[in-house]
Amino acid sequence: MARISEQTIEEVNAVSILDLADALGVHTKRVGKQYQIPCPNPGHQARVSDNTFIEPNKNLFKCFACEASGSSAFSYYFWHEYGRGYDKTNLEDKKAFPKIIEEIAKLIGIPILYDDGSYVKSEKQYRPRVKQIVELEPLSDKVCDQVYRAFLSLCPIRQEHAVEWLQERRYSKEDVVSLSLRSVPSPEELVPILQKLIAKGYPIARVPGFVQRLIPPNLATQYPPELLEEDSQGRGYWVWTLSSGKGGYFIPVRDRFSRIVRLRVKRPAGKPKYIWFSSTDNTAIETKTALLRKNGVSSGAPLHIAPPVSQLKVWEVGTDLADIHNVSVVIATEGEHKAQVSANLLNVVLIGIPGVGNFEPVIPLLRDWGTKKFILAYDMDTLKREDDSLKSQQKQKRLFDILTEFAKEVMKLGIEVLLWTWDIKDGKGLDDLLQHRKLPFQINLRTGERKLVDLKQLYEVA
């Protein structure tokens, strides 16, 4: 039997995931620059339409509640038809490869050419629905750090936020200053802040969270000229603004070199509770003038590195944390606040991971640092089974599968890996548990040994 030509394989690999989803009859809903779809994982039955998105500009799909993800039409089709990711080491998957290429080609309308010169014509011609664009890249981490520090220094601190930080989070006033926690400015407060940033020469184009929106000429008089740029097509003016929404407060996200590389926003209400300070440039794809945005860039979802705040006060920008603090033991949890509060209480470095499955960047960091012991301390409501239903069991299994994969990747580095667990009644997160003066149990994922954590032995390595 003739083999499918490389030309046909390349054409299928270039197919837009969004176009393939349409061809399969999958319901797609546009949400900003992304498209929301049902999760293709049959094991993911809870809220399947709320967590999975196609990013057409990058030709990616990802479910943020399970492991389903991919970067090609082939990977999406395999999930859709087989209910799991393609495994190139699996003999049956390799045998299915040509059949899947043919099926996608027929669905989309791509002629199938074989190595012997034979081919199968298509009754329709593939015309990509989505215009592929190259997204703007953020400015360097060094520049973003400078802009964010200047911006935050000009932002207010509202009383309700100060009360939360000091009482609920139990930060000191000095901690709040060191962490650069600030409230989101109101529209009235924002205008002079942006004026000052621009006047001082800070570049805010291509810094995540800052963006220009198009306004009609009659509204331009409401803004100072420093914030305005006349549209080259005569449609009005571009005015600088933020994409953070109304209310809430900023949480700086730091990298291993103490740079504030991104900001998170805790919203005053609604879900999700925490969002990224992120923006976009949709001038290449948006047709509605009122929705046009320019010079914005995505934040991505980087790790947050949290040493004890006492170290943060002396941690100079540009210095690797490993040069000033012991990183032989590192703990991972979810969320910036949880990481920082726990770091303060344990006097150890924590990594705030943005989502259970987003662990890939942790691996090279631990390798670079020469870490000897790594502890997973995810929220108990993340790991706990909600009830005895099949749906809840499947969700729990998926999460443990992700944790197992994470642990295996770390153990390949020769690092001891422990899982910390506790009774959810004592606190949802590690920070809650420690503030209640309780300790977790630790499970050695290599030996299965389980015992109560002894903080005196925290830096001891087996």
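The values are calculated or read from the model by the stated rules, or taken from the named source; none is laboratory data. Values in this document were obtained by computation on a predicted structure and should not be read as measured data. For neighbour counting, all protein chains shown are included, and Cβ atoms are generated from backbone atoms with ideal geometry for every residue, glycine included.
Some values worked out for this structure:
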| read-out | value |
| --- | --- |
| Filtered residue count, segment 187-203, keeping only those that are out of contact with any Leu (no Cβ under 8 Å at 6 or more places or on another chain) and either among the small types (Gly, Ala, Ser) or crowded, with 20+ Cβ neighbours inside 10 Å (or both) | 2 |
| Matching residues in segment 84-96 - criterion: being exposed (fewer than 15 other Cβ atoms within 10 Å of the Cβ), part of a helix (DSSP H, G or I) and not acidic (Asp, Glu) | Leu91, Lys94, Lys95 |
| Among residues of segment 284-307, those that are closer than 12 Å to Trp238 by Cα and among the β-branched types (Val, Ile, Thr), counted | 1 |
| Count of residues meeting criterion [under 19 Å from the mean Cα position of the chain (by Cα) and among the hydrophobic types (A, V, I, L, M, F, W, C)] in segment 287-330 | 5 |
| Residue match in segment 197-216 (condition: of a type in the set (Lys, Arg), out of contact with any strand residue (DSSP E or B) (no Cβ under 9 Å at 6 or more places or on another chain) and either modelled with pLDDT under 95 or closer than 21 Å to Asp145 by Cα (or both)) | yes |
| Exclusive hit being hydrophobic (A, V, I, L, M, F, W, C) and farther than 26 Å from Ala339 by Cβ, set Leu136, Leu181 | Leu136 |
| Meets criteria (surrounded by 14 or more Cβ atoms within 10 Å (Cβ to Cβ), touching a Lys or Arg at 6+ places or on another chain (Cβ under 7 Å), at pLDDT 90 or above and of a type in the set (Gly, Ala, Ser)) for Gly236 | no |
| Residue match in segment 11-32 (condition: at pLDDT below 90, surrounded by 19 or more Cβ atoms within 10 Å (Cβ to Cβ) and of a type in the set (Ser, Thr, Tyr)) | no |
| Filter result (touching a helix residue (DSSP H, G or I) at 6+ places or on another chain (Cβ under 7 Å) and of a type in the set (A, V, I, L, M, F, W, C)) within segment 90-146 | Ile100, Ile101, Ile104, Ala105, Leu107, Ile108, Ile110, Ile112, Leu113, Val130 |
| Residues of segment 71-83 that turn out to be in contact with a strand residue (DSSP E or B) (Cβ under 7 Å, 6 or more places away or on another chain) and crowded, with 20+ Cβ neighbours inside 10 Å, as a count | 2 |
| Some residue of segment 16-35 being among the small types (Gly, Ala, Ser) and over 29 Å from Leu291 (Cα atoms) | no |
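Rundown of residues vs (1) under 21 Å from Lys142 (Cβ atoms); (2) assigned to a strand (DSSP E or B), yes/no style:
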residue: Ile305; (1), (2): yes, yes
residue: Ser310; (1), (2): no, no
residue: Ala332; (1), (2): no, yes
residue: Lys338; (1), (2): no, no
residue: Ala343; (1), (2): no, no
residue: Val356; (1), (2): no, no
residue: Thr371; (1), (2): no, no
